[in-house]
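This report concerns only the one structure given below.
The values are calculated or read from the model by the stated rules, or taken from the named source; none is laboratory data. Nothing here was measured: the structure is a model prediction, and the numbers come from that model. All Cβ positions, glycine included, derive from the backbone under ideal geometry; neighbour counts span all protein chains shown.
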Amino acid sequence: MHPRAWFPEQLIGHRVVLRRHGPGNLAAFKRWYSDPDIARLTRYQEGPMHPAEIERFFAARVVGPDSMALAVHLRDSGRLIGSCALSQLDGDNGSALYHITLGEKDTWGQGYGTEASELMLEHAFRVLALHRVALSVFEFNERAVKSYLKVGFVIEGRARDAIWRDGRYWDEISMSILESDWRHRESVPAPDEPGRRTTRPWDKLTAGIGR
Ligand SMILES: CC(C)(COP(=O)(O)OP(=O)(O)OC[C@H]1O[C@@H](n2cnc3c(N)ncnc32)[C@H](O)[C@@H]1OP(=O)(O)O)[C@@H](O)C(=O)NCCC(=O)NCCS
């Protein structure tokens, strides 16, 4: 079973809806990822991605069979404003990495990205039964750090001076949220048998693989 199959057609929030990406979203990706402001916040490299790189990224990581990416749409208008994803799903340890980019800059700072992250975390913990979701964010990206803190990520470490931007070095901040953190925040009751692993969608994928 491909990881993409673990994502539903849509996750519905109050102000945003997350939907599967289709090929028609490539044009928006090309616009977003060729923007220097987006590159500054999301990329280690100086400058934006090249168009061919964006096409490869889109094919492999956004609409490819192994992709766990969803498009962020405004619920009222249906407008496509960004993308969020889980990656590097580690079935042995129940962990994944989280990514989000609102490519439409006029939508920043209005809580849409924060709500999208809440929906993704709910899916990660309630449906996929993950144990841990982690991410990294540049120190200067204060809006992103605040947004992640708001949905329950905690800072667990810093790679000092890992990124050179705007004429100086900044730390790369590592953040994570555990299923128990999320359960506590959302007042979701603990499983009947504490410590027992829930059956997880990807167990079928890893069953029988020697360790
Ligand atoms: C990061 C991102 C997902 C956050 O989503 P969002 O919906 O814009 O975030 P919110 O509107 O909930 O804002 C989060 C917090 O940042 C604050 N904030 C908003 N603009 C800010 C700014 N320019 N500087 C500092 N803080 C800011 C908000 O006030 C809010 O805090 P509060 O609730 O305590 O007031 C979204 O802005 C985005 O995709 N940005 C571009 C790409 C990016 O940075 N991706 C993350 C890479 S790790």
**Request:** Consider Leu89 carefully, then state whether it is within 16 Å of the ligand (Cβ to nearest atom) and within 27 Å of Ile177 (Cα to Cα).
**Result:** no
**Unique residue being free of Cβ contacts under 8 Å to residues at least 24 places away in the same chain, loosely packed, with under 14 Cβ neighbours inside 10 Å and within 6 Å of the ligand (Cβ to nearest atom) when the list is Glu142, Glu156** = Glu142
**Residue check, Gly91 out of contact with any Lys or Arg (no Cβ under 6 Å at 6 or more places or on another chain) and more than 22 Å from Leu119 (Cβ to Cβ)** = yes
**Request:** Under 6 Å between Cβ atoms, at least 6 apart or on separate chains: pull out the pairs that start in region 123-135 with a residue that is assigned to a loop (DSSP other than H, G, I, E, B) and end on any residue that is at pLDDT 95 or above.
**Result:** Leu130/Gly94; Leu130/Ala96; Leu130/Ala124; His131/Gly94; His131/Glu179
**Prompt:** Within region 159-196, which residues are without any contact (Cβ under 8 Å) to a residue 12 or more places away in the chain, hydrophobic (A, V, I, L, M, F, W, C) and in contact with a strand residue (DSSP E or B) (Cβ under 7 Å, 6 or more places away or on another chain)?
**Reply:** Ala162
**Asked** Residues of region 43-76 being without any contact (Cβ under 8 Å) to a residue 12 or more places away in the chain and either within 16 Å of the ligand (Cβ to nearest atom) or touching a Ser or Thr at 6+ places or on another chain (Cβ under 6 Å) (or both), which ones?
**Response** Arg43, Gln45, Gly47
**Of all residues in region 85-122 being among the β-branched types (Val, Ile, Thr) and in a helix (DSSP H, G or I), the one that is surrounded by the fewest Cβ atoms within 10 Å (Cβ to Cβ)** = Thr107
